[in-house]
Amino acid sequence: MPAAQQTAPPPAAAELSVAEMTRIMDVAGTLRRERRIAEQQLSRDETKQMLRERLLEAARVSGDPVTEQEIDAAIAAYFENLHEFKPPEPGMETFAASVYVRRGPIAKWAVGIASAAVLWWALATSGVLPGTARNERIADDLLGQIQQSAAAVQEMAVVPDVQARVDSFVKSAEAFRESGRPEDMRSVLASIASLESTLKQEYTLRIVQQPRSGVERNFEDESGKRVSGQYVIVQALDSAGRPLPMEIRDAETGQLKTVTTWGEQVPEAVFERIAADKQADGVLDEAVFASKERGKTDVEVQMSGAEGAPVARGRQITQW
């Protein structure tokens with residue numbers, strides 16, 4: 001038969017550590033307090049009876065005419081309000097106590113706010129945030145470029161309306177600089193660059209010799225086939241005779257296209273005159289339609305009309 005297993009004896013008190021002894025005493029104290037509370041709750045009727053007898057005796061000795069019913073009602077009200085919580089009156093002491101109780105969360109919030117402030121300051125000084133030193137330098141550089149380009153345009157322009165447009169561009173750029181809007185400043189710079197490019201252009205609109213120098217456009221409606229307009233076919237030629245690409249909005253389609261050859265509308269009398277000129281010997285002698293001078297934004301028509309004055313520039317087409 002196997003030997004019966006023996007249970008190990010509990011450790012001696014001398015072998016327990018101070019921490020273990022403290023935990024045991026805490027448990028014993030908690031059990032004692034819970035037992036006392038339970039005993040008080042169970043003996044409440046006895047306590048009420050003893051309190052009733054003492055109050056009756058005190059009333060008899062003092063000569064106070066208090067009835068037993070009044071004493072019972074007073075005892076019942078006392079026990080009902082025994083554990084009622086009454087919040088403290090507001091004041092500095094109450095506020096200080098609330099801050100002390102919530103010192104943990106408050107400290108965390110304070111650390112978080114301080115960290116966010118330090119991070120914002122670091123980003124601001126490094127130029128990452130809008131309106132920071134770096135963006136201010138970018139805006140200053142853009143404003144300098146705009147002012148430089150504006151000065152070049154004003155020097156090149158020979159018409160008053162260009163001067164007014166440039167002044168408007170510069171004022172807009174200065175306003176965008178103050179409000180911290182560098183993207184809008186870039187748009188102003190692009191507009192001035194486009195205006196400068198237009199002013200630099202210098203070319204002549206000449207009617208082409210071949211294969212056709214003009215075309216008559218027609219359309220049909222309820223009244224039948226009708227003439228839409230007469231057009232001469234032109235090209236923009238630079239000083240070396242090379243055709244330049246131009247952005248032309250087609251009057252028939254409404255689309256903007258970049259082309260080197262397109263049609264310019266002319267009065268019927270001018271169209272007939274150009275046609276007769278070419279039919280005479282196959283060579284068009286009156287070939288200059290208009291010209292664009294450096295420093296100007298618009299094309300000036302040079303082809304004369306029936307009364308000798310230059311014809312008004314009409315519509316354009318890009319296909320026929």
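The values are calculated or read from the model by the stated rules, or taken from the named source; none is laboratory data. Source: prediction; values computed, not measured. Counting neighbours? That spans all protein chains shown, and the Cβs are built from the backbone with ideal geometry, glycine included.
Out of all the residues in segment 233-253, is one or more surrounded by 11 or more Cβ atoms within 10 Å (Cβ to Cβ), of a type in the set (S, T, N, Q) and touching a Ser or Thr at 6+ places or on another chain (Cβ under 7 Å)? Scanning segment 233-253 turns up at least one residue that is surrounded by 11 or more Cβ atoms within 10 Å (Cβ to Cβ), of a type in the set (S, T, N, Q) and touching a Ser or Thr at 6+ places or on another chain (Cβ under 7 Å).
Scanning segment 264-285 for residues that are surrounded by 12 or more Cβ atoms within 10 Å (Cβ to Cβ) and out of contact with any Lys or Arg (no Cβ under 8 Å at 6 or more places or on another chain) turns up Val266, Pro267, Glu268, Ala269, Val270, Phe271, Glu272, Arg273, Ile274, Ala275, Asp277, Lys278. Only residues that are in a strand (DSSP E or B) and aromatic (Phe, Trp, Tyr) were counted across segment 282-320, and they come to 1. Of all the numbered requirements in (1) assigned to a strand (DSSP E or B); (2) over 50 Å from the mean Cα position of the chain (by Cα); (3) without any contact (Cβ under 8 Å) to a residue 24 or more places away in the chain, Pro211 misses one, and that requirement is (1). Checked against (1) free of Cβ contacts under 8 Å to residues at least 40 places away in the same chain; (2) outside any helix (DSSP H, G or I); (3) more than 23 Å from Trp320 (Cβ to Cβ), Asp184 passes all but condition (2).
Among all residues of segment 198-205, there is at least one that is at negative phi, hydrophobic (A, V, I, L, M, F, W, C) and touching a Phe, Trp or Tyr at 6+ places or on another chain (Cβ under 8 Å).
One line per residue, one yes/no per condition, for (1) modelled with pLDDT of 75 or more; (2) surrounded by 10 or more Cβ atoms within 10 Å (Cβ to Cβ); (3) assigned to a loop (DSSP other than H, G, I, E, B):
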| residue | (1), (2), (3) |
| --- | --- |
| Pro2 | no, no, yes |
| Gln6 | no, no, yes |
| Arg23 | no, yes, no |
| Arg35 | no, yes, no |
| Ala38 | no, yes, no |
| Met50 | yes, yes, no |
| Asp72 | yes, yes, no |
| Pro87 | no, no, yes |
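Scanning segment 193-215 for residues that are under 30 Å from Gln148 (Cβ atoms) and crowded, with 16+ Cβ neighbours inside 10 Å yields Leu195, Glu196, Leu199, Gln201, Tyr203. Screening the candidates Val61, Val66 for the property of being at pLDDT 70 or above, surrounded by fewer than 10 Cβ atoms within 10 Å (Cβ to Cβ), of a type in the set (Val, Ile, Thr) and assigned by TED's automatic domain parsing to the domain that holds Gln49 yields one hit, Val61. Of all residues in segment 290-313, how many are under 13 Å from Pro267 (Cβ atoms), out of contact with any Phe, Trp or Tyr (no Cβ under 8 Å at 6 or more places or on another chain) and surrounded by 15 or more Cβ atoms within 10 Å (Cβ to Cβ)? Going through segment 290-313 one residue at a time, the tally reaches 3.
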